[in-house]
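Heads up: the structure comes next, in structure tokens.
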Amino acid sequence: MSKVILKDNDHKLFNTDKMFYKEFPSDFRQIRYFTLLIVQKAPPEIKELNLLEQQISELIKNAVKHGNKSNPEKKIKVWYFFSQDETRLVVEDEGAGFTKIDEWNEFNSKRQDCLENNDFERLADYVAYTTEESDYHDGGNAMFAALEFWNEGVVFTEKANCVAVGKTYPKKQKGITIGE
Amino acid sequence: MKSNDIYIIDVNGEMDLYNSYKLKDLVIKMLDKKVNKFIINLNNVEYIDSSGIGALIFICSTLKKSNLNLYISNIRGSVKKVIELTKLTGYLPLTGTVQEALELLKNV
């Protein structure tokens, strides 16, 4: 079965104990700056920091642009935790919520079918998820990559204005065995 | 521009939520000028986000519909990773180098 975006208020990824916290105004121009303020807490051992920054930036952009409609009066709240083994993030906005999760999952499942069957002709209809609110700048592909990147899951609250994601990194071999 | 000319776009910098529309605008402009062979060179792009990927998808789909030719060359680093995460390596017409793209377009 292909991966899906979950809806679950009680999911463990919503546990914000011991996480750092910041809040930002919904200023579209500063999305990448806000992201850098968060990513600077990541330990240097994390590989592909650029990719991590990009994935976090997408969630912040969704909250600022699609959630709060770039209204600077509205805040976004971000909880974050980084270690060498794990990254977790919770992003909450003051918007109406991502109400089309079921529709998105269905769309993504059809997209996965095309990919599995190498049906690139049909895939053309599923390369971007757009709604009547999408504009010229929206790629419509951020959450496809998010589901792949955040290997511990992508979970929304029932109200769907708050998303939690997690990624674990494979543990490094810390010692060697030199005989029993 | 002659019909056989190949238009190579060297993209520099970051294809992010603030900049990616420029590439779409440029390609649309060149379509008006009847360019029909494009190479997009991403060698100097260090960062791409969903808007950048969206721009590549838009360009690819637009050109495909009109039966025009496109290759996207030199994806590397995090740009390559993001394209892989989006699983579009089979959909986008990728080549390793601009030279390879030129070879492929030579006989079109």
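Throughout, read-outs are computed from the coordinates displayed, never taken from laboratory work. Owing to the predicted nature of the structure, the values given are computational and were not obtained by experimental measurement. Neighbour counts are summed over all protein chains in view; Cβ atoms, including those assigned to glycine, are modelled from backbone coordinates with ideal geometry.
What to note about this one:
- Computed FRET value (nearest 0.05) for B:Asp32 with A:Ser70, which takes r as the C-beta separation and R₀ as 35 Å: 0.65
- Remark: spin-label model distance A:Asp8-A:Phe28 equals 3.5 nm, labels positioned 7 Å along the Cα→Cβ axis.
- When chain B is treated as a GNM with alpha-carbon contacts under 10 Å, the residue of B:Lys80, B:Lys37, B:Lys64 showing the greatest mean-square fluctuation is B:Lys64.
- Computed P(r) (all Cα pairs; the range B:13-59; 5 Å bins; percent): 5, 22, 32, 24, 12, 6, 0
- Extension gain, B:Asn107 to B:Thr62, is 14.0 nm, computed as 0.36 nm per intervening residue step minus the present C-alpha separation.
- The orientation-averaged shadow of the Cα convex hull for the range B:7-106, equal to a quarter of the hull surface, comes to 5.6 nm².
- With the helix formula -39500 (n - 2.57) applied to DSSP H stretches of n ≥ 4, chain A reaches a computed 222 nm mean residue ellipticity of -8000 deg cm²/dmol.
- Max mean-square fluctuation residue, GNM over chain A, Cα-Cα springs under 10 Å, options A:Phe82, A:Phe14, A:Phe120: A:Phe120
- Peptide A:60-70 has a mean of 1 when you count, residue by residue, the C-beta atoms of other protein chains within 10 Å of its C-beta.
- Helical runs (DSSP H, four residues minimum) scored at -39500 (n - 2.57) apiece and divided by the length of chain B put the mean residue ellipticity at 222 nm at -13000 deg cm²/dmol.
- Packing, taken as the mean count of other beta carbons within 10 Å per residue, orders the peptides A:128-136, B:42-50 from highest to lowest as B:42-50, A:128-136.
- All lysines inside 16 Å of A:Lys7 as judged from Cα atoms, apart from same-chain residues fewer than 8 positions distant: A:Lys100, A:Lys159
- √(5λ) per eigenvalue of the Cα gyration tensor, chain A, largest first, Å: 27, 24, 15
- Computed extension gain for A:Ser109 through A:Asp17, at 0.36 nm per residue and net of the alpha carbon distance, reaches 29.8 nm.
- Inter-chain Cβ neighbour average for residues B:86-92, partner chain, 10 Å: 6
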